[in-house]
């Protein structure tokens, strides 16, 4: 599932995205990858010093969309995203 806020594109139609951009020294390892659809991958701000649209970041093990000009990081709340494995595991751990 694309991790961008409100996006409903499934993982089978997404691209692996480097959280820390490859051009900025980000490694191609699972801990530095997240799934983004082509649209959100294209608009992701690879350089946090030059914000335009927002960027994907990993916060507490969850992929969050961080708005470009402030505001709280947003978890994708699309109904399909709510059933993701990491979210379900965290929810079960809280029981």
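The values are calculated or read from the model by the stated rules, or taken from the named source; none is laboratory data. As the structure is a computational prediction, the values presented were derived from the model and not from experiment. Here Cβ is always computed from backbone atoms with ideal geometry, including for glycine, and neighbour counts include all displayed protein chains.
Total residues in region 1-15 satisfying the condition of being assigned to a helix (DSSP H, G or I) and either out of contact with any strand residue (DSSP E or B) (no Cβ under 8 Å at 6 or more places or on another chain) or more than 20 Å from residue 81 (Cβ to Cβ) (or both): the figure is 1. When restricted to residues that are farther than 21 Å from residue 19 by Cα and modelled with pLDDT of 85 or more, region 51-95 contains 0.
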